[in-house]
1. Any idea which residue in the range 50-80 is surrounded by the most Cβ atoms within 10 Å (Cβ to Cβ), counting only those that are outside any helix (DSSP H, G or I) and at negative phi?
2. Is the range 593-609 home to any residue that is of a type in the set (Val, Ile, Thr) and either in a loop (DSSP other than H, G, I, E, B) or closer than 30 Å to Val468 by Cβ (or both)?
3. Has the range 631-641 got any residue that is within 26 Å of Val530 (Cα to Cα), surrounded by fewer than 19 Cβ atoms within 10 Å (Cβ to Cβ) and more than 30 Å from the chain's Cα centre (by Cα)?
4. Name every residue in the range 425-465 that is modelled with pLDDT of 90 or more and among the charged types (D, E, K, R), in order of residue number.
5. Can you confirm whether the range 560-582 contains a residue that is out of contact with any strand residue (DSSP E or B) (no Cβ under 9 Å at 6 or more places or on another chain), modelled with pLDDT under 90, open to solvent by 10 Å² or more (accessible area, probe 1.4 Å) and within 18 Å of Gly251 (Cβ to Cβ)?
6. Name the pairs: first residue in the range 105-124 and in a helix (DSSP H, G or I), second residue open to solvent by 30 Å² or more (accessible area, probe 1.4 Å), Cβ to Cβ under 6 Å, at least 6 apart or on different chains?
7. Assess whether Thr436 counts as being among the hydroxyl-bearing types (Ser, Thr, Tyr), open to solvent by less than 20 Å² (accessible area, probe 1.4 Å) and more than 24 Å from Ala318 (Cα to Cα).
8. If I filter the range 513-530 down to residues being among the β-branched types (Val, Ile, Thr) and surrounded by fewer than 24 Cβ atoms within 10 Å (Cβ to Cβ), which single residue comes out as nearest to the chain's Cα centre (by Cα)?
Amino acid sequence: MRTTLTRADALADTTATTPASAVGAAENDPVNARLTAPWRIVIVSLTLLGLLITMNQVFFWNLFDLAVLTNSFLYLLSVCFLPIVLIVQPLRKTPHAWAKPGVPWYDVVLLLIFIGSGLYFAANGVNIAEYGWAFVSPVTATVLSYVFWLLVLEVLRRAAGWIVAGLALAVSLYPVIAGELPIAFLQGITYDINTLATVHVMGAESILGLPLQTAGTILVGFLLFGVVLQHTGGADFFHDLSTALFGRYRGGSAKVAVASSATMGMMSGSAVSNVLTTGPMTIPAMIKSGFSKKTAGAVEATASSGGSITPPIMGTAAFLMVSFVGVPYTQIIIAAAIPAFLYFLGIFIQIDGYAALRGLRGTPKSLLPRASAAVIAGWPYLAALAMLTVMLFTTGSEAQVPFWVVGLLILIAIIKPSLRFGPKEIGEMLLDLGKTLGQIIGIIAGVGLILGGLSATGVALSLSRDLVALVGENVVLILIAGALACFVLGMGLTISAAYVFLAIVMVPALTTLGVDPIAAHLFVIYWASVSYITPPVGLAAFAAAGISKASPMGTCVEAMRLGAVKYIVPFGFALNPALVAQAPAGEIAVAALASIVAVTALACGFSGWLIVVDTRLSWLFRIPLVVGGFMMFLPQPTVTISGLVIVALVVSLAWVVARRSRATTSTEAAHDEPTTTEKNTLESAENDTNRI
């Protein structure tokens with residue numbers, strides 16, 4: 001799916017595609033022109049075959065008495081999903097005038113060559129593993145390694161754009177000249193080009209490295225769950241439930257947008273995808289209720305950019321964390337829970353302050369759906385999420401869990417009378433699933449080349465050591481440097497690509513200086529994703545501005561203010577691992593409570609409205625409130641307590657000022673009230689006038 005507002009990789013970090021009805025596909029879209037009926041059948045067939053191969057591996061079925069090696073499985077996974085990118089995405093954005101509907105012959109040749117080479121490697125998986133073909137291989141394997149390497153780069157270019165593909169190409173070729181570079185910290189082990197090709201394609205640390213292994217074992221199932229949840233009515237249910245719960249409060253339309261985007265984040269980890277899905281419903285509703293166009297777009301963009309950090313189904317990078325950190329996905333869910341809650345809490349409070357300052361009211365309760373009715377109608381979706389969460393924590397294989405839940409969802413969708421879910425709907429769902437899996441697995445396979453280039457030369461470790469030496473072992477300095485690096489890379493790369501690069505180079509430096517590993521990886525993901533709402537790129541904000549018809553840059557700046565907590569929270573949990581549940585239960589509880597107070601103080605300071613006292617704040621109060629809130633994020637008890645004291649003093653003084661102001665207003669109002677005699681005189685005069 002493409003829009004004029006986003007780069008090619010904007011939708012790459014999704015865990016589900018945007019439904020076609022949410023955006024509306026143009027008839028002259030070159031992507032749609034390619035997807036004629038026969039090619040739709042091809043995509044659906046490849047998708048079903050890929051799911052079958054994945055389930056065979058995850059559930060250990062060993063169909064036809066064949067035990068598939070990991071490398072053969074990954075080749076087969078690539079053969080099923082990467083050709084979908086060659087089918088869906090054209091060679092060039094602007095098609096030729098003479099282009100006909102369907103996939104052109106040269107793309108057919110490319111996908112057949114890719115499938116053939118992939119099947120060759122899959123059939124020789126045992127030989128590759130036992131005889132070390134990654135370093136000494138037959139001529140045929142060497143030639144096909146070049147072919148596979150180049151076609152993976154082409155898939156990456158079509159799926160994620162020139163910037164990511166160019167970086168992957170440069171880093172994958174880097175080992176050829178690593179020993180000749182004059183810069184000491186970039187020098188590494190040198191490879192000849194033939195060996196490098198075979199290492200990239202048949203080695204275990206490049207295309208077939210940790211990212212693709214994670215995609216095959218865990219990511220496919222969760223992507224499937226997200227797509228099925230949307231296509232069986234989950235998105236509509238969560239929007240209705242959010243409306244019923246929050247619509248009647250002040251600023252209710254914006255709070256509904258935040259809640260809808262938070263729940264959409266459980267189905268789609270992409271900020272742009274969330275904006276394009278929920279924005280056409282929420283942004284006009286916010287504008288109609290009194291929000292400015294700029295603020296309405298900013299609210300949607302800011303809330304949607306939290307999708308990649310929202311459990312239980314987070315963005316692609318969070319699943320890649322499983323392999324890089326070496327912990328179960330359930331630990332990632334637990335670690336991400338408190339920061340995600342703090343992020344959305346900060347947005348809610350700022351929205352409430354905005355509405356209070358402008359006197360914006362909620363929708364009358366009589367016009368809203370009943371929460372009980374929404375829950376009764378949507379119980380399958382709540383049951384599916386509950387089942388997913390419980391099974392993740394209680395079963396032995398988290399890779400199998402989403403498949404069981406998907407089976408339940410599809411069964412309910414088929415027998416539920418109010419939901420239309422026949423063969424046509426199932427076909428559209430599988431088509432969307434295939435396009436999503438193709439794009440994401442294509443990006444992950446291509447990004448593996450970055451991992452392979454840095455791992456082969458051994459430069460990644462030396463870069464980390466040099467970073468530590470450069471900052472003089474100062475944790476705060478390296479966090480600031482890491483935040484800037486994440487932000488810059490996040491502007492040009494997908495979150496997953498930026499994460500893989502920084503997980504190799506930056507995270508080891510952070511952990512060397514004592515930052516908790518999970519906190520370090522989440523720090524990278526948070527700061528890589530802030531580019532979605534930060535100028536000069538701000539993809540989510542630009543997409544929202546296209547819907548609200550506001551200034552894109554103004555929407556970006558407003559989104560930065562609303563999402564200010566996202567810039568601060570990562571420093572908080574990097575310095576205080578209790579915020580990512582990496583501490584005893586008592587410390588986690590204290591840190592969580594302190595951070596809730598801190599975020600409340602920060603959000604009130606940013607918005608200019610103190611929700612506790614329900615009064616407007618001058619800059620004299622706002623600045624110390626923000627300072628105190630930031631201090632409460634720091635792990636040192638004395639600093640935290642000092643921040644709490646500052647916040648308490650500001651709140652107390654604001655309460656006193658507000659009370660006096662209200663008392664003065666009441667007195668003036670009382671003086672302005674006419675006396676009893678004056679009232680009687682006025683009533684008598686009015687009666688006389690009426691008689692006349």
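The values are calculated or read from the model by the stated rules, or taken from the named source; none is laboratory data. Computed from a predicted structure; not experimentally measured. For neighbour counting, all protein chains shown are included, and Cβ atoms are generated from backbone atoms with ideal geometry for every residue, glycine included. The accessibility values were calculated without ligands, DNA or RNA, using every heavy atom of the protein model including side chains. Shrake-Rupley method; radii C 1.70, N 1.55, O 1.52, S 1.80 Å.
1. Restricting attention to the range 50-80, the residues satisfying the condition of being outside any helix (DSSP H, G or I) are 59-62, 66-69.
Next, only the ones that are at negative phi stay: 59, 61, 66-69.
Working: Phe59: 12, Trp61: 11, Leu66: 9, Ala67: 8, Val68: 17, Leu69: 14.
Looking at residues that are outside any helix (DSSP H, G or I) and at negative phi, I get Val68.
2. So in the range 593-609, the residues of a type in the set (Val, Ile, Thr) come out as 596-597, 599-600.
Filter once more, keeping what is either in a loop (DSSP other than H, G, I, E, B) or closer than 30 Å to Val468 by Cβ (or both): none.
No, there is no match, as no residue in the range 593-609 is of a type in the set (Val, Ile, Thr) and either in a loop (DSSP other than H, G, I, E, B) or closer than 30 Å to Val468 by Cβ (or both).
3. no
4. Glu428, Asp432, Lys435
5. yes
6. Cβ pairs passing all conditions: Ser117/Leu144; Ser117/Val147; Tyr120/Leu144; Ala122/Leu76.
7. No.
8. Step one: list which residues in the range 513-530 are among the β-branched types (Val, Ile, Thr), which gives 515, 518, 524-525, 530.
Pick out the ones that are also surrounded by fewer than 24 Cβ atoms within 10 Å (Cβ to Cβ) and you get 515, 518, 530.
Numbers: Val515: 23, Ile518: 17, Val530: 10 Å.
My answer is Val530.
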